[in-house]
Amino acid sequence: MIRRFQNSTLGQQLAIVTAGLCLLVSLALIALAAISSHHTQVQLQEQYGSTLARQVAQRVSTAMERGDLLSVLASLQRFTDISAADTVTITDVEGKTLGQAGDSGLPARYVYTAPIEIDSHTAGQVRITMSGDNMHSLQWRLVLSLLALAVLLSFAVYMGSARLGQVLGQRLSGLARAISLEGEQLGRTAINEVDRLEKQIRALPMDLLRTRSEPNPQEENYRNTAVLYLQLDSLVNYVDTLDEDSLQRYTDQLHQVAFAAAGFYAGELQVTRQFALAIFFSGPNSAGSAAFRAASCGWLIHAVCRELEKQMSLSMGISMAVAESELGMGDGSDIYPGLYMQHTIDELQSVCAARPPHILLSPRVCEDVDIASRLQHHPTEVQDYAQLDAFAGNFEDLLERQLRLMMKRLSDPGRRIQV
């Protein structure tokens, strides 16, 4: 039963819980009302019985003083007819019954007595019995009425909560579909909308998606910076063959790929040459060192370009290489780091001029601790640069998730290049 409740939809869970709480509170109030009503009725019954016994004693005292037993019996019969008393009995001082009226076969749940006084002397006693059936009947009718009202109220709460839960569940399902990497198929693996959203969130590569801001670095232009150089080989050929609109859409597609990949690793994208881009990585980051982030970003761009080529008629050939510089990009207030960076850019340009089919890593980059422990590479004949082969451990799985996330966004029909 508990398992079935956990697997039900959010609307059903919310409706059951709220209706159950409403019914529980209602039952508690009904119990309190029943107890209070019982005590009140018992007190009223006590007052009524005692008063009735005194009235009977006053009425029959005069007749007993005259010795008129027939008048006494008539008075007793009249009292049983007009009151709630089941039996009215008169006894003398010795306990002998002088007269009785009513049905003596009924159970006597309540007994009330009063003395009969004649000239300040006790001449006997009046004994009145009541079964209390009417009182209990009224009390049960009250309880049943309150129970029916509680059930109706709980049903109304159930319907309202189910509707509210359904609306909320639809919104959560929409969020789950929006962040799903595998589309609608994963969204149907769970019935409960909260569980479905939780599974989609856990499936996201949060370590790679979460870009953490740097803690206010000092002299940020004077620290080691990794540079990912992208030589746009295909763009060189398309400049003279594509019309202006197609060329602009093609360039926009390249920009989207490079900008999205750089965003995963806190990289800064810049145009450095007419047909070349550079992405700069520096400072601490949870995804790894600057050199490792540059290599990961290059792998992601290369993989996305290969997937996009399957969906379009144009090629997206890009030659890439990674190197390190002792200084950063510089800015408007300090141009020296930018000037110093140019020899690294020139070196990368000369390396990519050979159009290597895979990402190349400079000797200094290969010495990085994260590069040496997390990916595999082998030397080449291009200026002592090494070629990136594969990532070790689960890093390639995380990159594959990022690839699917980017392809889901870039494969939108409104974003494809039409030539």
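Just so you know, in segment 341-392 the residues that are in contact with a Cys (Cβ under 9 Å, 6 or more places away or on another chain) and in contact (Cβ under 8 Å) with a residue 40 or more places away in the chain include one that is surrounded by the fewest Cβ atoms within 10 Å (Cβ to Cβ), and it is Tyr385. Phe259 passes every criterion in (1) at pLDDT 90 or above; (2) surrounded by 21 or more Cβ atoms within 10 Å (Cβ to Cβ) apart from (2). Of all positions in segment 125-147, at least one carries a residue that is in contact with a strand residue (DSSP E or B) (Cβ under 9 Å, 6 or more places away or on another chain), surrounded by 13 or more Cβ atoms within 10 Å (Cβ to Cβ) and small (Gly, Ala, Ser).
Total residues in segment 266-293 satisfying the condition of being of a type outside the set (Gly, Ala, Ser) and farther than 14 Å from Asp370 by Cβ: the figure is 11.
Restricting the search to helices (runs of 4 or more DSSP H) fully inside segment 305-384 and requiring at least 3 residues that are of a type in the set (A, V, I, L, M, F, W, C) gives 336-352, 369-374. Counting only helices (runs of 4 or more DSSP H) wholly contained in segment 1-92, the ones carrying 3 or more residues that are more than 30 Å from Arg196 (Cα to Cα) and modelled with pLDDT of 80 or more occupy 10-66. Among the residues of segment 326-338, those that are more than 16 Å from Glu268 (Cα to Cα) and surrounded by 11 or more Cβ atoms within 10 Å (Cβ to Cβ) comprise Glu326, Asp334, Ile335, Tyr336.
Residue pairs whose Cβ atoms lie under 9 Å apart, sitting 6 or more positions apart in sequence or on different chains, and linking a residue in segment 21-49 that is under 16 Å from Trp140 (Cβ atoms) and among the polar types (S, T, N, Q) to a partner that is surrounded by 17 or more Cβ atoms within 10 Å (Cβ to Cβ) and at pLDDT 85 or above, do not occur here.
Looking at the structure I just gave you, is Gly95 part of a strand (DSSP E or B), modelled with pLDDT under 85 and small (Gly, Ala, Ser)? So Gly95 does not fit the description; no. Looking at segment 318-341 only, could you name the residues that are more than 19 Å from Gly283 (Cα to Cα), modelled with pLDDT of 90 or more and either outside the structural domain of Gln383 (by TED's automatic domain parsing) or not hydrophobic (A, V, I, L, M, F, W, C) (or both)? Of everything in segment 318-341, just one residue is more than 19 Å from Gly283 (Cα to Cα), modelled with pLDDT of 90 or more and either outside the structural domain of Gln383 (by TED's automatic domain parsing) or not hydrophobic (A, V, I, L, M, F, W, C) (or both), namely Ser319.
The values are calculated or read from the model by the stated rules, or taken from the named source; none is laboratory data. Given the structure is predicted, the values throughout are model-derived calculations rather than measurements. Glycine gets a Cβ as well: all are built from the backbone with ideal geometry, and neighbour counts include every protein chain shown.
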